[in-house]
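See below for the structure under consideration.
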Amino acid sequence: MKWHTYSKLQLARNNFSKNLWELTADENTELERQFQRRLALETKVLAHPLALKIAVKDEDISIARSNLDHQFGSEEIVRNLLLQADLTETHLEQALQHEIQVQKVFELVVADVQPMSEIAARSYYMDHPQQFQRPERRDVRHILITIDESSADNCEVVVKARLEQIRMELLSNPEHFPDLALRYSECPTALEKGHIGYVTAGQLYPELDKHLFQMRSGEVSPVLSSPMGLHLLQCVDISPAQLIPIEEAVPKIIQQQYLHACTLQQKRWLKELQQSEQYQLSS
């Protein structure tokens, strides 16, 4: 069926980060294997009696289409992708209807799953405090200047000297960091006056991370190097490691437990579905 091309288009983007027509021969072979396996499973799902209870409304398709436009960036981008894949809006609607039908069957499968009670969630929190430790975080600003050795004004020696001058001013007036970041930084965060926000250890480049987590609040770093260029960091604030408050943790516990229970229920249902089909074939 022609709408199958849309499903393959989504698989290509999700699993290979490419458009369908950009895949290599080996990738195409692997994608076809994945698609046939998924289609066979979805066909079994839609052959189940639960699927008879499903009604896909025009509103469902409209919402799915709107979500797709948002996912890709705009309606125009989606239209262009359809054109390149030789698909029409009708093909897209057929594909979306298929996806919604499968999704609605899985929703019925977990309709009887009950969320954890608040009392149980609070008890879990008290019994597993190690799971609710928030690591130390550092609020950080930075100034980035990139290096271009082909330019006399942006070679590493010149850029480093420029940042050293900025640093000398900051050592006397650290409160000027936001204004200097806005003026000199070549990172998009310059528009936020160099503000990156709170980070945990391991989120930045190792060269930056190592210094940041040794700095005092308000301190300005020496000139640091990363694959992006040369930097100055300012540690704005230090939020120490702490236990996540119970009122913040409980809703997350309930949500995570519910999603886990739903996943287990769906896996059990699929396993029973496949076993039932195998039994019928052998009878």
| task | Kindly provide the set of residues from the range 150-185 that are without any contact (Cβ under 8 Å) to a residue 24 or more places away in the chain, assigned to a loop (DSSP other than H, G, I, E, B) and closer than 18 Å to Gln234 by Cβ, ordered by number. | result | Asn173
| query | When both residues are 6+ apart or on different chains and their Cβ atoms are under 8 Å apart, which pairs have a first residue that lies in the range 59-74 and is at pLDDT below 90, and a second that is part of a helix (DSSP H, G or I)? | reply | Phe72/Val78; Phe72/Leu81
| said: Give me the residue from the range 210-234 that is touching a strand residue (DSSP E or B) at 6+ places or on another chain (Cβ under 8 Å) and assigned to a helix (DSSP H, G or I) and, out of that set, surrounded by the fewest Cβ atoms within 10 Å (Cβ to Cβ). | reply: His211
| note | Among (1) of a type in the set (D, E, K, R); (2) over 27 Å from Lys271 (Cα atoms); (3) part of a helix (DSSP H, G or I), Lys8 falls short only on (2)
| message | Looking at the structure I just gave you, is Ile246 in contact (Cβ under 8 Å) with a residue 40 or more places away in the chain and touching a Phe, Trp or Tyr at 6+ places or on another chain (Cβ under 6 Å)? | response | yes
| task | Check the range 231-240 and report whether any residue there is within 14 Å of Ile143 (Cβ to Cβ), in contact with an Asp or Glu (Cβ under 6 Å, 6 or more places away or on another chain) and of a type in the set (A, V, I, L, M). | result | yes
| query | Among the residues of the range 49-64, is there at least one that is farther than 21 Å from Asp86 by Cα, under 28 Å from the mean Cα position of the chain (by Cα) and charged (D, E, K, R)? | reply | yes
| request: Among the residues of the range 109-131, count how many are part of a helix (DSSP H, G or I), in contact (Cβ under 8 Å) with a residue 12 or more places away in the chain and either in the same structural domain as Glu59 (by TED's automatic domain parsing) or of a type in the set (Val, Ile, Thr) (or both). | output: 1
| message | Being of a type outside the set (Val, Ile, Thr), part of a helix (DSSP H, G or I) and surrounded by 12 or more Cβ atoms within 10 Å (Cβ to Cβ): is that true of Lys267 here? | response | no
| Considering the range 18-48 alone, what residues qualify as being in contact with an Asp or Glu (Cβ under 8 Å, 6 or more places away or on another chain) and under 30 Å from Ser276 (Cβ atoms)? | Lys44
| task | Would you confirm whether any residue within the range 102-121 is among the hydrophobic types (A, V, I, L, M, F, W, C), within 30 Å of Ala241 (Cβ to Cβ), within 27 Å of the chain's Cα centre (by Cα) and surrounded by 13 or more Cβ atoms within 10 Å (Cβ to Cβ)? | result | yes
| task | Report yes if some residue within the range 37-59 is part of a helix (DSSP H, G or I) and more than 25 Å from Lys267 (Cα to Cα); otherwise report no. | result | yes
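The values are calculated or read from the model by the stated rules, or taken from the named source; none is laboratory data. All of these numbers come straight from a predicted model, not from anything done at the bench. Using ideal geometry, Cβ is built from the backbone for each residue, glycine included, and neighbour counts are taken over all protein chains shown.
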